[in-house]
Every structure is written in structure tokens, then in C-alpha cells.
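J.: The structure is given below, and queries will be raised subsequently.
The values are calculated or read from the model by the stated rules, or taken from the named source; none is laboratory data. These numbers come from a predicted model, not from an experiment. Positions of Cβ are backbone-derived with ideal geometry, glycine not excepted, and every protein chain shown enters the neighbour counts.
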Amino acid sequence: MTVQMIFLAFFGGAAVWFGVVVFRTHSMVRSALALLFSQTAIGAMFLVMQAEFLGVLQIMMMATEMSVMAIFMVMFMMDPGGMGKMDMTHQKRLSLWAGGIGLLAALLLVWLPDWGPVALSVPGAHEQAADLGRELLGRSMFIFQSAGLTILTAMIAATMVAIVPNAEQGK
Amino acid sequence: MSIVVVLLSLAAGAYALAVIERWAVHGHLSLTGPAWAALALLGRESLLARKSDRLFFELGPVLLLVAGLMAVAVIPLAPGLIITDLATGALFLNAALAYVLVALIMAGWGPNGAYAMIAGWRFLGQFIAYAMLIVMPITAVAMRAESLSTVEIVASQEQLWNVLYQPMGFILFVVAAMGLAWLPPLDLPDATGELAGGVEAEYTGVRLAVLRLARMVIILALAGATVTFYLGGWLGPWLPGWAWSAIKILAVAAAMLSVGRYMPRIREARYLALSWKLGISLALANIFVVGVIALVVPI
């Protein structure tokens, strides 16, 4: 139990530290990949908490998502490498307030609700994957299917908006 | 114990693969060639580009090697001969290999060179093409095995290998794996002809040696995955399990290394279009067919 706590604290600390690095660096690619490693650390926390499927899934999904985000950040920022030492922060007062309120909300969420007793025994990894599958194809199927359809619609719409019809394509 | 055996066989496999690649590229078989080439690389000066992103430049090849090693950890070479038999092995393999993309972006961005950077981002485009075609065939394999554990996936092929059970998935997976390992004709990130080596362009000396070794490990991991998922893993008559694994993995890796050399390099846009319009439809059809077979005739 204690070894587990130590690793949990380590990966939690790593997640927070990489989260800080996201804002401290000037390079867009470093920023995106720091966010990736922050999310990977959260995946490692899942693994420490013996939620194998969720942990592996988190580690897998974030690698691609953050890489795709990195290329968009490079495309849209004026100084993607951070070598021009351009200040890219803005609306500082608003972001301070938003960050403070977010932190407060997170802390309240940790302390206030009754989280119930700590689970002492965890089902095996095989069982967890099977349980998760039954949940996704049973009770939660409608929610996940509608969420999937919504995302698909948004993706198709975004692609349609991005394609500018021009004279060459019209022929 | 098994971790030492797996790592030693990995080293032997990587060397054998280097010999085979040399044979496929230059046309002459030399057993000592890769050793001399490696020594030469270690002795060569390791250049550092001016104004490079040092952290990414150094970490890129290392992360690539780590990703390959993590992927190897869930590949069974014989009953009991596996570093870790995870309940989510097939998914873990994907998770590990997703970091190939991250490593190549880092290695491309790091040296602050145009060719390398274009190549790194180009691999991101290539990823969009192959990613779904790695995951969806594995889904069909896991459907038959009713498990994501690689050991159970091999055990499920006792009666009939998956290459016969779901041949379409096999073809899609192998082509996607070649995209993942950036092998010709899908070697867009280091396209020698147009990008002067791409990601590899700015690397020299020890760092290049690590990059090349990492790529060999990734090719071996993918060949191992192909054998585990489709060619019955260690299963086979007469010979012991480990020997079958070794023969099959080396044969698949050699085929992946040499076949593509006889095809023209594909253009990025065409690769994406083919993968999404043809590949994903076929992969979905594969999942459907496997589902129907699994329900109607359980083998």
C-alpha cells in the first residue's frame, strides 16, 4: 500500500510539474509535448491504482492527440519555436481569476463530497476489461453512441468548413 | 529470467535484421558488415546543430528505443517466455508504438533543420493514415480470442491461424505496420531521394546509431506483433516454440524489409486517401465478417 502511495504521489507530482512547464516554455512544441507527458503521468497514476485498461488507453490516446495539437499550435502561432522571445500571454487578470476559481473548485470537490470507503480489493485486470466492455455495450451504450455520433458530425462539419472550394477543384 | 532471454534474442534479432537489410539494399551478404558500420558510427564525431532544441534532439532517439522495447515486452516468444503478460497486451502494444510518432516529431523538430522538421511533421500525416489500420485489425483479432492478452490471442489460433481466418485483416495490418516502421514504399519521414534522409539527416555518430538500433527494434516488434496476431505465434509442429517464433519473426521482418524496395514510393496525399477510403472500409468489413463467423461457426 505504501509503495503504491509513493508511486501515486510521484506521478501526481510529475503531472503537475509538466503542467507548469506547459506555460513556462516559449516553444509551442515543447509546450504541447509537456502537456502530453503530464497526461501520460496521469495514465501512469491509473496504472498505479490498478486500473490497467484505463491507464493504457490514456497513455495511448494522449500521444496522438497532443501531437496533432502540436502541429496546429505550430501552424497558428507567430513564433512557434520560441526563439524570438515573443510574449504570447494575454488577458492575465482574467486567467488568474479563472485559474484561482478552478483550483478552488477542484479542492472543494476533493474535500466536500463523501467519497465513501476506500476500495480495498480490486478486480483482476482481465475482469476489469470485461466489466468495462459490458458497461459500454449495456447501460452506457446510448450515451457513448450519441457522444460518438456528435463528435463524428463535428469532425465532418469542421472538414467541410475547412475545404475552401476553388476554381481548380470545380473543374 | 525471461526478460534477459527476450532482450538477448532481441539483440540477436536486431543484428540479423541489420544483415538482411544490408543484403536487401546493397545486394551483398556480409555477416560482419553491420558490426563494422556500428563501430564506425560510434567512432564518428557527433555533431550538434546550432540553435537546436537540445532536449528534443537528445531525447528523440532514446524515446524511440524505449517505445520499441516497451512494445517488445508484451510479445510472447514461447509459452512462459514473455516479459509481461498484460491483460491489455494488444492495447499496450499500440500505446507503446504511439510514442514512435512523438519520438519522430521530437527528433525532427530538435535539430532545427528544414528537412528534418518537414520529415517529422510528415510522419504525423502518415500516422493519420496508418493508425486506424493498426487498431481495427487488432480489434477483430481480439474479438476471436475474446481477450486482449497476447498469450491468449496466440492460444486462440490453435485450430486455425488468423492469417487464414481473417486474411483481409492480415494484409491491412502488415501494410499499416510498414507505415509505422517507415519502411519503403512508405518511408516518407526519411525519404532519401527528396528529403536527404529527413529525420536522420542531422544525426551523426552515437545518436544516429541509437536511432538506427531503435528502428530495428521497432521493425522486430511489429514483426513479432504480426506473428502473434496472425501467424500463430509459437505454434507449429516438430520444432520447439521459441524456434518457431524466431523463424516466423525473422521471415516476416525480412519480407517487410525487402518487398517494398520493388515498389515506387507513395505520395503522402495518395497514401492518406487510400488508407481512409479503401483501408478503413475494408477493416470495418473485416470486423463484421469476423463477428459473423465467430457467432456462426465457433473455431
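J.: Restricting region A:1-31 to residues that are surrounded by 12 or more Cβ atoms within 10 Å (Cβ to Cβ) and polar (S, T, N, Q), which is nearest to A:Pro80 (Cα to Cα)?
T.: It comes out as A:Ser27.
J.: Six or more apart or on different chains, Cβ under 6 Å: which pairs go from a residue in region A:6-35 that's assigned by TED's automatic domain parsing to the domain that holds A:Phe46 to one that's part of a loop (DSSP other than H, G, I, E, B)? Could you list them?
T.: Going by the 6 Å Cβ cut-off, the qualifying pairs are A:His26/A:Gly82; A:Ser27/A:Gly81; A:Ser27/A:Gly82; A:Met28/A:Met77; A:Met28/A:Pro80; A:Ser31/A:Thr25.
J.: Within region B:112-131, does at least one residue satisfy the condition of being touching a residue at least 40 places away in the same chain (Cβ under 8 Å), at the interface with another protein chain (Cβ under 10 Å from one of its Cβ atoms) and in contact with a Pro (Cβ under 6 Å, 6 or more places away or on another chain)?
T.: Yes, because at least one residue in region B:112-131 is touching a residue at least 40 places away in the same chain (Cβ under 8 Å), at the interface with another protein chain (Cβ under 10 Å from one of its Cβ atoms) and in contact with a Pro (Cβ under 6 Å, 6 or more places away or on another chain).
J.: To continue, here is another question. Restricting attention to helices (runs of 4 or more DSSP H) lying wholly within region B:1-105, give those where 3 or more residues are in contact (Cβ under 8 Å) with a residue 12 or more places away in the chain and crowded, with 18+ Cβ neighbours inside 10 Å.
T.: B:2-26, B:54-72
J.: Take the conditions part of a helix (DSSP H, G or I) and within 30 Å of B:Ser52 (Cβ to Cβ) and apply them to A:Ser67. Does it pass?
T.: yes
J.: Just to confirm my filter: which helices (runs of 4 or more DSSP H) fall fully inside region A:84-171 and include at least 2 residues that are within 14 Å of chain B (Cβ to nearest Cβ)?
T.: A:125-137, A:141-162
J.: Something else: Are any of the residues in region A:100-109 over 27 Å from A:Met49 (Cβ atoms), out of contact with any Gly (no Cβ under 7 Å at 6 or more places or on another chain) and not assigned by TED's automatic domain parsing to the domain that holds A:Ser27?
T.: The initial filter retains those residues of region A:100-109 that are over 27 Å from A:Met49 (Cβ atoms), namely A:100-101.
Cutting the leftovers down to out of contact with any Gly (no Cβ under 7 Å at 6 or more places or on another chain) gives us A:100-101.
Within this subset, residues satisfying the condition of being not assigned by TED's automatic domain parsing to the domain that holds A:Ser27 are A:100-101.
Yes.
J.: Still on this structure, I have one more. Which fully enclosed helices (runs of 4 or more DSSP H) of region B:139-220 have 3 or more residues being under 14 Å from the mean Cα position of the chain (by Cα)?
T.: Hits in region B:139-220: B:167-180.
J.: A further question follows. Just to be sure I understand, how many residues within region B:263-299 are assigned to a loop (DSSP other than H, G, I, E, B) and in contact (Cβ under 8 Å) with a residue 24 or more places away in the chain? Write out each step before concluding.
T.: First, pick out the residues of region B:263-299 that are assigned to a loop (DSSP other than H, G, I, E, B): B:263-267, B:297-299.
With the extra rule that they be in contact (Cβ under 8 Å) with a residue 24 or more places away in the chain, the set shrinks to B:263-266, B:299.
Going through region B:263-299 one residue at a time, the tally reaches 5.
J.: Among the candidates A:Gln50, A:Gln58, A:Gln4, A:Gln39, which residue alone is over 28 Å from B:Asn112 (Cα atoms), of a type outside the set (Phe, Trp, Tyr), assigned to a helix (DSSP H, G or I) and within 14 Å of chain B (Cβ to nearest Cβ)?
T.: Checking each option against the conditions leaves just A:Gln58.
J.: Let me ask something additional. Please determine whether any residue of region B:243-258 is modelled with pLDDT of 85 or more and assigned to a loop (DSSP other than H, G, I, E, B).
T.: no
J.: Of all residues in region B:75-89, which are among the small types (Gly, Ala, Ser) and within 10 Å of chain A (Cβ to nearest Cβ)?
T.: Listed by number, the residues that qualify are B:Ala87, B:Gly89.
J.: Filter region B:90-106 for residues that are facing another protein chain (nearest Cβ under 8 Å) and of a type in the set (Val, Ile, Thr) and give the result.
T.: Passing the criteria: B:Val102, B:Ile105.
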